[in-house]
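Enquirer: The structure that follows is given in the form of structure tokens.
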Amino acid sequence: MFVDIPDFALFLGRFHPLVVHLPIGFLLLAIIIALVSKRQKFKQLKASLDFVLSLGAASAVLACILGYMLSLGGEYDPDTLFWHQWLGIGLAALSVLLYWVRSKKQEHKRRLVWLHSTYPFFAILVLLTFTGHYGGNLTHGSTYLFQYAPNPLRVMAGLEPKAAPRPPVTVLDSADVFLDVVHPLIQSKCNSCHNADKKKGQLLLTTYDDMLKGGKEGPSLVPGNLQASLMYQRVTLPSSHEDYMPAEGKTGLTADEVAILGWWISHEAPQSKQLAYLDLDKEISPKFKRVLGFGASDSRLPDKQIAAADSSAIKAALTQGFIVKSIYPESNFIEIKLPFTGQKLADMDVQVLLPLKDQITWLDFAHGEVKDQHLEAIGQLTSLSRLNLSNNTLTDAGIKQLMKLHELTYLNLYGTDISDAALTDLKALPKLKSLYLWQTQVSDEGVAAFKAERPDVRVTVGESFMSVTEPDSADSIGG
């Protein structure tokens, strides 16, 4: 029977993902207090236990109410939703009962003595774990937690062993248009909302057949017909449109990825076909190269084989706060960025990156308070092909430290203090193809002289810089 769900209920339900973290934090804190307060050293913490427990119980009840409202919108796997819902209700009920009994301990101590022990807190921990697990499955899919787990753990979790990875693409013609390009980008940008546990719009995008089947609003994929293929229509809407996908603030497809998706659909959307057997024109070919991470002027990788990064070196970089990402699956090349928390390079030890000098090929330190003295270490990262140093206080003296970056193809110096003297040094970088110099001290005469000697380098010195976007890399390393 069709039920008209009030919009206001659905509106309130959208706050469930925000509120649900409150009981997690409060109840975990209550568990910790209940355990450590048994030691004489922390005995004074026991006075706060009932207060923290009351906050956990109240927020758990609120999370259950909002979660129920959210579930009214449908689009969730019913079995997973069932377990998440009732485990959550059980968690809230036990938390309320435990607080109520503890607040009236003299009256009920004899009859419910077990509720005054640590056992109920262990029960809360178990319920909290499984409730959160099923909630994560609803959000990310049931395979999310064990996606990269070793095969023995995957089997224990009831999943199939990982399929053998596809060999890395080293030559553009050898890439399979769906298996190596289209399917991976859909997996990374679309599957979190369109998987077996969360079928937004009743749409699955996990396999080629799922795409053909479509959802409640029609076919997602119609080979040869862009207008009828909703998966293409939704990603090309303005990002402010309510039907734009991916929704909810998730990272959208890059311009190259959208172009490739449209090109693939227009060419009958083959399920498996090497690019060597498809007609790649001069406009789409560079886009495939950039998405695959090689062969295009700005984003190609160094033409050399390198070993995988040492795990301890990656851990050291992560400990400092650096974001470490792989350029694309099965590649040993990595990208380094500053943390999104606003932490600047002045507060970090750039020297920890030196053990990764062979693997780091993309480096983004824009707005990072990078100084000339930091460039001495950056200049030793000899596999760098992309370097973004925009909006930093850098001078001509610092640029001299970059002269050993013989693989560098892209250099962004927008908003720095360099002048024509730096251009004299930069023209010696053999593979440089793109140079951004907007809002620097370089002169028109200096740029003209640079272009006369290096006509192969695209130099951007004006407003056109603002339209330049960085390609997204693949997977974060270490979380």
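The values are calculated or read from the model by the stated rules, or taken from the named source; none is laboratory data. Given the structure is predicted, the values throughout are model-derived calculations rather than measurements. So basically every Cβ, Gly included, is an ideal-geometry build from the backbone, and we count neighbours across all protein chains shown. For accessibility, only protein heavy atoms count, side chains too; no ligands or nucleic acids. Shrake-Rupley method; radii C 1.70, N 1.55, O 1.52, S 1.80 Å.
Enquirer: Quick one: is Ser272 on the phi < 0 side of the Ramachandran plot, among the small types (Gly, Ala, Ser) and open to solvent by 50 Å² or more (accessible area, probe 1.4 Å)?
Expert: yes
Enquirer: Inspect all residues belonging to the stretch 30-49 and state whether any of them is under 33 Å from the mean Cα position of the chain (by Cα), open to solvent by less than 60 Å² (accessible area, probe 1.4 Å) and closer than 16 Å to Tyr119 by Cα.
Expert: So far as the stretch 30-49 goes, yes, one or more of its residues are under 33 Å from the mean Cα position of the chain (by Cα), open to solvent by less than 60 Å² (accessible area, probe 1.4 Å) and closer than 16 Å to Tyr119 by Cα.
Enquirer: Pairs, please: C-beta under 6 Å, at least 6 apart or cross-chain, first residue farther than 9 Å from Asp417 by Cβ and in the stretch 387-398, second open to solvent by less than 40 Å² (accessible area, probe 1.4 Å) and among the aromatic types (Phe, Trp, Tyr)?
Expert: What qualifies is Leu389/Phe365; Ser390/Tyr414.
Enquirer: If you scan the stretch 197-229, which residues turn out to be at pLDDT 75 or above and among the aliphatic types (A, V, I, L, M)?
Expert: Met211, Leu212, Leu221, Val222, Leu226, Ala228
Rundown of residues vs (1) assigned to a helix (DSSP H, G or I); (2) at pLDDT 90 or above; (3) of a type in the set (D, E, K, R); (4) farther than 23 Å from Lys337 by Cα, yes/no style:
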residue: Ile418; (1), (2), (3), (4): no, yes, no, no
residue: Asp425; (1), (2), (3), (4): yes, yes, yes, yes
residue: Leu435; (1), (2), (3), (4): no, yes, no, no
residue: Ala448; (1), (2), (3), (4): yes, yes, no, yes
residue: Asp456; (1), (2), (3), (4): no, no, yes, yes
residue: Ser464; (1), (2), (3), (4): yes, no, no, yes
residue: Asp472; (1), (2), (3), (4): no, no, yes, no
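Enquirer: Could you tell me whether any residue of the stretch 375-395 is open to solvent by 10 Å² or more (accessible area, probe 1.4 Å), assigned to a loop (DSSP other than H, G, I, E, B) and among the small types (Gly, Ala, Ser)?
Expert: No; the residues of the stretch 375-395 include none that is open to solvent by 10 Å² or more (accessible area, probe 1.4 Å), assigned to a loop (DSSP other than H, G, I, E, B) and among the small types (Gly, Ala, Ser).
Enquirer: Right, Gly90: of a type outside the set (Phe, Trp, Tyr), within 17 Å of Tyr134 (Cα to Cα) and over 32 Å from the mean Cα position of the chain (by Cα) or not? Full working, then the answer.
Expert: On the way: of a type outside the set (Phe, Trp, Tyr): yes; within 17 Å of Tyr134 (Cα to Cα): yes; over 32 Å from the mean Cα position of the chain (by Cα): yes.
Yes.
Enquirer: Restricting the first residue to the stretch 339-363 and requiring it to be in contact (Cβ under 8 Å) with a residue 24 or more places away in the chain and within 19 Å of Leu394 (Cβ to Cβ), which pairs with a second residue that is part of a loop (DSSP other than H, G, I, E, B) and among the acidic types (Asp, Glu) meet a Cβ separation below 6 Å and a spacing of at least six or different chains?
Expert: Between residues of the stretch 339-363 that are in contact (Cβ under 8 Å) with a residue 24 or more places away in the chain and within 19 Å of Leu394 (Cβ to Cβ) and residues that are part of a loop (DSSP other than H, G, I, E, B) and among the acidic types (Asp, Glu), the close pairs are Lys344/Glu369; Leu345/Glu369; Ala346/Glu369.
Enquirer: Let me ask you something else. Counting only residues that are over 25 Å from Leu432 (Cα atoms) and among the hydroxyl-bearing types (Ser, Thr, Tyr), which one in the stretch 317-374 is least open to solvent (accessible area, probe 1.4 Å)?
Expert: Among those that are over 25 Å from Leu432 (Cα atoms) and among the hydroxyl-bearing types (Ser, Thr, Tyr), it is Thr319.
Enquirer: So is Gly252 surrounded by 14 or more Cβ atoms within 10 Å (Cβ to Cβ), of a type outside the set (S, T, N, Q), modelled with pLDDT under 85 and within 21 Å of the chain's Cα centre (by Cα) or not?
Expert: Spelling it out, Gly252 is indeed surrounded by 14 or more Cβ atoms within 10 Å (Cβ to Cβ), of a type outside the set (S, T, N, Q), modelled with pLDDT under 85 and within 21 Å of the chain's Cα centre (by Cα).
Enquirer: Still on this structure: Just to be sure I understand the filter: pairs with C-beta atoms under 6 Å, separated by 6 or more residues or on different chains, first member in the stretch 399-426 and farther than 18 Å from Val461 by Cβ and in contact (Cβ under 8 Å) with a residue 12 or more places away in the chain, second member assigned to a helix (DSSP H, G or I) and not charged (D, E, K, R). Which pairs pass?
Expert: If the second residue must be assigned to a helix (DSSP H, G or I) and not charged (D, E, K, R), the pairs left are Gln401/Leu375.
Enquirer: Confirm whether Lys431 is open to solvent by 40 Å² or more (accessible area, probe 1.4 Å), modelled with pLDDT of 85 or more and assigned to a helix (DSSP H, G or I).
Expert: no
Enquirer: Considering the stretch 320-345 alone, what residues qualify as being at pLDDT 85 or above and either on the phi > 0 side of the Ramachandran plot or part of a helix (DSSP H, G or I) (or both)?
Expert: Gln320, Gly321, Leu345 - these are the residues of the stretch 320-345 that are at pLDDT 85 or above and either on the phi > 0 side of the Ramachandran plot or part of a helix (DSSP H, G or I) (or both).
Enquirer: Still on this structure, I have one more. Quick one: is Lys404 under 19 Å from Lys304 (Cα atoms), out of contact with any strand residue (DSSP E or B) (no Cβ under 6 Å at 6 or more places or on another chain) and surrounded by fewer than 16 Cβ atoms within 10 Å (Cβ to Cβ)?
Expert: yes
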